[in-house]
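Report on the following structure.
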Amino acid sequence: MVHRIVVMQLRSPLIRGRHASFRDKLVEFIKEKQFSRVLLLCSTHSHERIDTQLRGDQFRFVATSAFLAMPSSEEMMARLRWVELEKRERRDDNYVTDGNPYLPGGGISKQFVLACQRENLPAIALIVFCSEG
């Protein structure tokens, strides 16, 4: 059995104004190469946690519906005991919007996961709460 894996690591910030272009090209590459699934490792600001996120495991996940529909995903989630990122409401001047997934400080992670959702790609983001530095 042959396993093929692609690993990418971004070690520097993206150029201002080029986030969407980079994200779109990355999603196109994933579609073109027919990735079976995508795992994104990212972080989010720990000072933005809500009460339920203060104790216990500091890892969360966000998955696309295509990932959750995969036959092995439910078993894997149960075995690993991963916790889904809690939903958050964003309030702007008495107007409530859906700000999910809420990943402040996560770079392009949120928009990447949403792009994978739009393109029906099986993707999951494993998120850790962390402090800067």
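The values are calculated or read from the model by the stated rules, or taken from the named source; none is laboratory data. Predicted, not measured: the structure shown is a model, and the values here were computed from it. FYI the Cβ positions are ideal-geometry reconstructions off the backbone, even for glycines, and counts take in every protein chain you see. Areas reflect the complete protein model, heavy atoms only, side chains present, ligands, DNA and RNA absent. Shrake-Rupley method; radii C 1.70, N 1.55, O 1.52, S 1.80 Å.
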Exercise for the section: May I ask you to list the lysines whose Cα is less than 23 Å away from that of Lys25, ignoring any residue fewer than eight positions away on the same chain? Expected result: Lys33, Lys110
Completion exercise
Cα-based Debye curve of region 32-77 sampled at q = 0.25 Å⁻¹ gives log₁₀ I(q)/I(0) of -1.02
Completion exercise
Out of Arg37, Arg16, Arg88, a Gaussian network model of the chain with alpha-carbon springs under 10 Å gives the largest mean-square fluctuation to Arg16
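State in Å² the accessible area per residue of the chain; use a 1.4 Å probe, count heavy atoms of protein chains only, and round to the nearest integer.
Working: 9940 Å² over 133 residues.
Heavy-atom accessible area per residue stands at 75 Å².
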Completion exercise
Amide H proximity to Phe61 below 5 Å, modelled H, separation 5+ or other chain, gives Val83, Glu84, Leu85, Ile127
Problem - Choice from Arg49, Arg118, Arg23 with maximal GNM fluctuation in the chain (Cα, 10 Å cutoff) - result: Arg118
Completion exercise
Listed residues Gln111, Gln34, Gln58; largest mean-square fluctuation, Gaussian network over the chain with Cα springs below 10 Å, found at Gln34
Fill in the blank from the handout: Semi-axes a, b, c in Å (a largest) for the chain, each sqrt of 5 times a Cα gyration tensor eigenvalue, come to 24, 20, 15
Completion exercise
Taking placed amide H atoms and a strict 5 Å upper bound, the residues 5 or more places from Val38 or on another chain that come that close are Ala123, Ile124
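Under a point-charge model restricted to the Cβ atoms of Lys and Arg (+1) and Asp and Glu (-1), what is the dipole moment magnitude of the chain relative to its Cα centre, in debye to the nearest 20?
Values: 20 positive and 16 negative charges, 91 e Å.
Magnitude of the dipole: close to 440 debye.
Summing -39500 (n - 2.57) over the DSSP H runs of n ≥ 4 in the chain and dividing by its residue number, what mean residue ellipticity at 222 nm do you reach, to the nearest 500 deg cm²/dmol?
Working: 4 runs with 36 residues, N = 133.
That calculation yields -7500 deg cm²/dmol at 222 nm.
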Problem - Phi-based couplings in Hz for region 63-70 (Karplus 6.51, -1.76, 1.60; Gly and Pro marked x) - result: 10, 7, 5, 5, 5, 5, 7, 5
Practice task
Summarise the accessible area of the chain (1.4 Å probe, protein heavy atoms) by the percent that is carbon and sulfur.
Solution key: 51
